[in-house]
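Have a look at the structure below before the remarks.
The values are calculated or read from the model by the stated rules, or taken from the named source; none is laboratory data. Not measured: the values here are computed from a predicted model. Using ideal geometry, Cβ is built from the backbone for each residue, glycine included, and neighbour counts are taken over all protein chains shown.
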Amino acid sequence: MADLAAALGPGGAREEPLELAMYGKDAGVTRGRPGAVCFPRDAAGVAGAVRIARRHGVPIVPRGSGTGLAGGATPADGALVVSTTRLNRILAVDEHERTAWVEPGVLNLDLTRAVAHLGLHYAPDPSSQQACSIGGNVATNAGGPHCLASGVTSAHVLALDVVLPDGAEVRLGGLEPDTAGYDLRGCFVGSEGTMGIATRVAVRLSPDPPAVSTLLLEFASLDAAAATVGAVIAEGIVPAALEMMDAEITRAVEDYVGAGFPRDAAAILLVELDGRPGSVAADTAAVGELGRAHGARRVRVAADEAERALLWKGRKSAFGAIARIAPDYYLHDAVVPRTRLVDVLRTVYDVADTHALTMMNVFHAGDGNLHPLIVFDASEPGIWDRVASAGDAILRACIAAGGVLSGEHGIGLEKRDHMPLIFGPDDLAAQAGLRAAFDPDGRANPGKVLPEGSRCGEIAGAPEGTWI
Amino acid sequence: MTLPIDPVDLARCVDCGLCLPHCPTFRATGRESASPRGRIAAMRRVQAGEPVDEAFVSYMQECVQCRGCEAACPSGVPFGRLMEQTRQALRSTRRPRPPLVRRTLEWLAYRVVLPRPGLLVALSWVLIPLRRLPGLTGRTAGLRYRAESLMERLQADDDPDVHLFTGCVMDAWQRDTHRAALRIMRASGAHPGLPGPGAGCCGALQLHAGMDFDARRLARAVMRSLPGDDPIVVCSAGCGAMLKSYGELLETDAAHRFAARVRSFAEWLEEHGGPPLRDTGRTVVVQDPCHLNHVQKVAGSVRRVLAPAYRLVDLDDDGLCCGAGGAYSLTQPELAAAMRDRTLAAIRRAGGDGAVVASANPGCAMHLAAAGVDVRHPAELLEAALGASPDAGDGDAGESEHR
């Protein structure tokens with residue numbers, strides 16, 4: 001602690017027990033007990049903190065805004081939490097090359113706002129984009145509704161300055177179109193803090209599309225909605241976003257924000273098309289026709305920016321709407337092949353029935369990224385066992401359908417023990433070998449992502465007194 | 001101790017963190033303990049039996065109570081209420097005990113001076129020479145009232161159909177704003193009256209400090225001073241929010257009826273219809289006081305009443321608190337200054353150096369003016385646009401005479 005104070009200055013590190021308890025968890029369901037938290041202001045500060053932790057044999061856990069849902073920022077017991085909240089400067093913006101160098105604590109939406117006057121934006125838009133940080137986005141390889149056409153975070157990170165777990169500072173990737181050698185940048189994105197801490201991130205900025213069109217399609221059955229999703233993709237149209245909401249969540253959202261969603265539809269699709277005005281108009285007509293051909297009972301095209309904003313407000317308010325139904329929710333993040341959407345959804349509903357739980361579904365249909373939401377009241381005795389068991393059943397069903405564990409939230413602590421469901425021992429050993437190349441001592445965010453390796457205390461399930 | 005907080009309110013937070021960017025103290029410090037989510041976590045621990053220590057008290061005192069987090073919260077956590085109840089508990093147990101100087105100053109301010117507007121005006125006379133003392137100018141730069149303003153009483157109309165609430169600090173230090181408001185109300189065809197005897201402070205500062213007993217006593221006095229059914233117009237966003245909450249505070253029918261009469265100045269003007277204005281062609285940067293924006297949720301009315309006379313520019317800071325926060329700029333000067341720096345940068349981006357800023361709250365106005373910003377109340381801006389002389393705003397009432 002004295003070393004940290006000397007390296008980072010007064011207030012640069014804190015160990016007050018009440019404050020440390022706040023760094024014991026993120027927005028997910030797991031909890032740990034850090035030994036200290038520090039707030040470096042530059043790369044040298046991060047490197048200093050990492051070296052001090054190494055000298056004292058203490059693990060490190062990077063933390064951005066703590067909005068992660070998979071426990072990626074849950075510290076191993078006694079760990080040093082390295083908060084990036086004071087690394088929050090936009091260092092350089094090149095409007096011609098459409099790139100920016102930012103520090104990891106810059107918030108996703110703040111970056112987009114800062115370059116909006118140039119007609120640019122940062123494309124990945126997680127639903128938490130107002131609060132989540134670029135560093136956290138890099139750690140989880142975050143997605144968002146608009147990542148269908150533009151790709152997830154990995155497609156928008158060009159280079160990273162990184163402090164490795166031994167304190168060395170290196171640059172991964174580069175601004176050039178193709179950097180020589182191994183793509184260590186691609187390896188680092190999504191590594192959830194297990195390969196070091198990014199201190200500067202070069203991101204790609206995207207031009208704002210000249211034309212945007214948003215459609216709301218209403219369906220009397222889930223199958224019709226899912227068939228439309230398949231048909232749109234098969235037609236070769238790549239929507240900017242393609243979101244599905246089931247009947248329960250649609251009603252909940254409508255009650256909450258009044259976005260004009262139909263209360264009696266079995267499912268709705270929200271489709272956004274962008275590009276040049278001519279192609280957007282043609283695609284809008286085509287999506288409407290495909291929808292009707294596959295059983296859409298109504299197709300509504302947002303007439304103006306206000307209506308478009310209202311439709312998106314409805315979609316992005318889904319979690320708020322749920323919070324008003326019950327105090328707690330548990331959000332999953334599995335991905336399944338688009339063709340299996342309906343089968344998997346049916347299984348999800350069956351799981352909800354057999355566990356006597358309320359389940360709602362709002363998801364990125366275009367890329368098959370499901371977000372089944374279990375809504376419950378944690379004060380109900382024994383509820384967590386049912387919620388955990390239902391979650392486990394859902395994940396297994398998704399994997400059985402050819403899916404994967406996470407679309408955009410990361411593995412973290414929460415899904416670590418599910419990794420053997422999709423990877424064999426050799427696969428996991430190969431991944432552990434790669435991780436060890438960056439972090440031979442296993443001190444960088446131990447206990448995350450991979451089931452083997454140093455395990456941190458007993459952070460399994462939701463301990464007594466946890467609110468979820 | 002346990003906190004007298006509804007466990008259901010406390011359980012509503014799901015730790016999502018969406019409040020963090022809307023919390024000015026989190027933005028200033030980057031610390032979880034200075035965020036709504038962190039403060040709720042701390043409240044939960046005390047609720048679960050952990051002792052109240054110095055750290056807990058300081059985390060609670062760092063909150064500016066802007067309630068920007070409430071507006072951002074998808075789960076509808078009533079954070080303002082949680083914080084008020086926590087502060088009540090801290091005040092009633094007095095453990096750990098705050099320093100004697102602080103207790104004395106709070107007692108003088110909250111219990112002696114603010115409830116007595118006459119005393120406050122008298123003290124304000126004393127402050128006029130003091131505020132020019134070299135050592136004090138930094139702290140008193142926001143106090144720009146004119147001596148003549150303290151001498152002239154506000155004039156009520158004979159047969160009023162609307163009342164202007166005058167309060168404490170604003171009556172002493174920004175009486176020119178009330179003078180402008182009365183002039184606008186008359187120019188709109190209304191006949192404004194003033195509070196009867198016994199009216200003083202609205203009780204907001206006391207409530208925010210956890211002195212709910214004092215707040216209720218002051219609220220009853222304010223209600224007695226404003227009988228009848230006429231609308232009550234409030235120029236201070238903080239006082240207006242407080243008057244509107246008397247129903248929940250006192251839990252009586254009379255208090256609910258009283259609260260339903262309360263309007264912020266621009267809100268009333270919009271409903272009633274304003275006076276004819278000329279287009280000044282000038283640019284004004286609009287600052288949204290938290291208690292107008294997040295609490296009363298009527299910040300839009302300021303823009304709508306000013307729009308015919310001024311070119312309006314918004315701040316791009318997402319409505320983050322400027323750090324004034326009632327007495328906050330005195331109790332937490334470092335955080336308040338850090339928050340203000342952020343607002344000042346947003347003002348510069350919006351209107352350049354020397355921008356004229358509209359603010360409908362005396363606390364924000366003084367806090368920003370202390371940093372050299374040219375802040376006017378919407379009522380003063382409207383008065384300057386009432387036609388008459390071509391440039392009524394400059395050199396008019398309310399200008400700082402010692403900048």
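Miscellaneous remarks
- Any chance A:VAL375 is within 14 Å of another protein chain (Cβ to nearest Cβ), at pLDDT 90 or above and in contact with a Phe, Trp or Tyr (Cβ under 8 Å, 6 or more places away or on another chain): no
- Among residues of region B:64-86 that are among the basic types (Lys, Arg), those with a beta-carbon under 8 Å from a residue that is not in a loop (DSSP other than H, G, I, E, B) at least six positions away or on a different chain give the pairs B:ARG67/B:PHE79; B:ARG67/B:GLY80; B:ARG67/B:CYS290; B:ARG67/B:HIS291; B:ARG67/B:HIS294; B:ARG67/B:VAL295; B:ARG81/B:ASP9.
- Of all residues in region B:70-85 being more than 11 Å from chain A (Cβ to nearest Cβ) and over 19 Å from B:SER329 (Cα atoms), the one that is modelled with the lowest pLDDT: B:ALA71
- Those helices (runs of 4 or more DSSP H) of region B:1-68 in which at least 3 residues are under 23 Å from A:PHE39 (Cβ atoms) and at the interface with another protein chain (Cβ under 10 Å from one of its Cβ atoms), considering only elements entirely within it, cover B:24-29, B:36-47, B:54-61.
- Screening A:LYS316 with (1) surrounded by fewer than 18 Cβ atoms within 10 Å (Cβ to Cβ); (2) over 21 Å from A:ALA224 (Cβ atoms); (3) touching a residue at least 60 places away in the same chain (Cβ under 8 Å); (4) not assigned by TED's automatic domain parsing to the domain that holds A:PRO420 gives one miss only, at (1).
- Index of the failed condition, A:GLU464 passing every other in (1) at pLDDT 90 or above; (2) farther than 20 Å from A:ALA79 by Cα: (1)
- Within region B:20-43, residues that are in the same structural domain as B:ALA55 (by TED's automatic domain parsing) and in contact (Cβ under 8 Å) with a residue 40 or more places away in the chain reach partners that are surrounded by fewer than 24 Cβ atoms within 10 Å (Cβ to Cβ) and β-branched (Val, Ile, Thr) with beta carbons closer than 7 Å, at six or more positions or on different chains, in the pairs B:MET43/B:ILE5.
- Condition met for A:ALA159 (within 25 Å of A:ASP333 (Cβ to Cβ) and away from chain B (no Cβ under 14 Å)): no
- Only a single criterion out of (1) within 14 Å of chain B (Cβ to nearest Cβ); (2) closer than 26 Å to A:LEU217 by Cβ; (3) over 24 Å from the mean Cα position of the chain (by Cα) is not satisfied by A:GLY288, namely (1).
- Scope region A:350-375; condition outside any helix (DSSP H, G or I) and in contact (Cβ under 8 Å) with a residue 60 or more places away in the chain; matching residues: A:THR358, A:MET359, A:MET360, A:ASN361, A:VAL362, A:PHE363, A:HIS364, A:ASN369, A:LEU373
- Which numbered condition A:ASN369 misses (of (1) buried (at least 22 other Cβ atoms within 10 Å of the Cβ); (2) touching a Ser or Thr at 6+ places or on another chain (Cβ under 7 Å); (3) assigned by TED's automatic domain parsing to the domain that holds A:LYS415): (2)
- Lone unmet requirement of (1) modelled with pLDDT of 85 or more; (2) part of a loop (DSSP other than H, G, I, E, B) for B:GLN88: (2)
Yes or no, residue by residue, for (1) away from chain B (no Cβ under 14 Å); (2) surrounded by 20 or more Cβ atoms within 10 Å (Cβ to Cβ); (3) at negative phi; (4) not aromatic (Phe, Trp, Tyr):
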{"site": "A:ARG292", "(1), (2), (3), (4)": "yes, no, yes, yes"}
{"site": "A:ALA296", "(1), (2), (3), (4)": "yes, yes, yes, yes"}
{"site": "A:ILE322", "(1), (2), (3), (4)": "no, yes, yes, yes"}
{"site": "A:VAL336", "(1), (2), (3), (4)": "yes, yes, yes, yes"}
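- Scanning region A:120-130 for residues being within 9 Å of chain B (Cβ to nearest Cβ) and of a type in the set (A, V, I, L, M) gives a total of 0.
- When A:ARG315, A:ARG340 are screened for being within 14 Å of chain B (Cβ to nearest Cβ), part of a helix (DSSP H, G or I) and within 25 Å of the chain's Cα centre (by Cα), only A:ARG315 passes.
- Filtered residue count, region A:8-28, keeping only those that are more than 9 Å from every other protein chain (Cβ to nearest Cβ) and more than 18 Å from B:LEU20 (Cα to Cα): 6
- Any hit, region A:241-251, residues being in contact (Cβ under 8 Å) with a residue 24 or more places away in the chain, in contact with a Phe, Trp or Tyr (Cβ under 7 Å, 6 or more places away or on another chain) and of a type in the set (A, V, I, L, M): yes
- Number of residues in region A:169-217 that are of a type in the set (Ser, Thr, Tyr) and either at pLDDT below 95 or out of contact with any strand residue (DSSP E or B) (no Cβ under 7 Å at 6 or more places or on another chain) (or both) equals 3.
- Just one of the listed residues (A:GLY410, A:GLY402) is within 26 Å of A:ALA139 (Cβ to Cβ), not in a helix (DSSP H, G or I) and not hydroxyl-bearing (Ser, Thr, Tyr), and it is A:GLY410.
- The combined condition, being within 30 Å of A:ALA44 (Cα to Cα) and buried (at least 19 other Cβ atoms within 10 Å of the Cβ), is fulfilled by A:ILE197.
- Meets criteria (out of contact with any Phe, Trp or Tyr (no Cβ under 8 Å at 6 or more places or on another chain), under 19 Å from A:LYS25 (Cα atoms) and of a type outside the set (A, V, I, L, M, F, W, C)) for B:PRO7: no
- Odd one out for A:TYR330 among (1) of a type outside the set (D, E, K, R); (2) in a strand (DSSP E or B); (3) in contact with a Leu (Cβ under 7 Å, 6 or more places away or on another chain); (4) not assigned by TED's automatic domain parsing to the domain that holds A:ALA220: (3)
- Lone qualifier among B:SER236, B:SER149 - being among the polar types (S, T, N, Q) and surrounded by fewer than 22 Cβ atoms within 10 Å (Cβ to Cβ): B:SER149
- Of all residues in region B:5-29, those that are surrounded by fewer than 21 Cβ atoms within 10 Å (Cβ to Cβ) and in contact with a strand residue (DSSP E or B) (Cβ under 9 Å, 6 or more places away or on another chain) total 1.
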